[in-house]
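For reference, the structure discussed in these notes is given below.
The values are calculated or read from the model by the stated rules, or taken from the named source; none is laboratory data. Since we're looking at a predicted model, the values are computed, not measured. Here the Cβ positions follow ideal geometry from the backbone for every residue, glycine too, while neighbour counts run over all protein chains shown. Protein only, heavy atoms only, side chains kept; ligands, DNA and RNA dropped before computing areas. Shrake-Rupley method; radii C 1.70, N 1.55, O 1.52, S 1.80 Å.
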Amino acid sequence: MGSDTISATLLDIRQTTTRLGLVKSKGPKMEQVNIYEAKTQFSRYVEKAEAGEDIIIARGGKQVARLTSISPQRRPVCFGVLKGKVRVSDDFDAPLPEEVLAGFEGR
């Protein structure tokens, strides 16, 4: 193989590889549709995405976007979990010594 052939092959690989190809799908199902079909059947594809299926949207056979579900929000913060485990010093809000304060103020 000549260097020109290798360069052309690498160029072909770079042009056909998209970020979508690098991202792993969350599930085994993945359907590819063209933009017109995605636009006319949008609600149907959103329902499929909610069910866990990834939908690849293509323009002219080239993958350009992915319709996928959003992972659920994290559970709310539970206050009081560290109660009794953290101690705040009595002089927490006391004024800082002059040399420390000078360091913060750039004096």
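The set of residues from region 49-107 being among the acidic types (D, E) and either open to solvent by less than 60 Å² (accessible area, probe 1.4 Å) or part of a helix (DSSP H, G or I) (or both) comprises E50, E53, D54, E98, E99, E105. The set of residues from region 82-107 being hydroxyl-bearing (S, T, Y) and touching a Phe, Trp or Tyr at 6+ places or on another chain (Cβ under 9 Å) is empty.
All conditions in (1) surrounded by 13 or more Cβ atoms within 10 Å (Cβ to Cβ); (2) not in a loop (DSSP other than H, G, I, E, B) hold for S43, with the sole exception of (1).
The single condition among (1) at pLDDT 90 or above; (2) assigned to a helix (DSSP H, G or I) that Q32 does not satisfy is (2).
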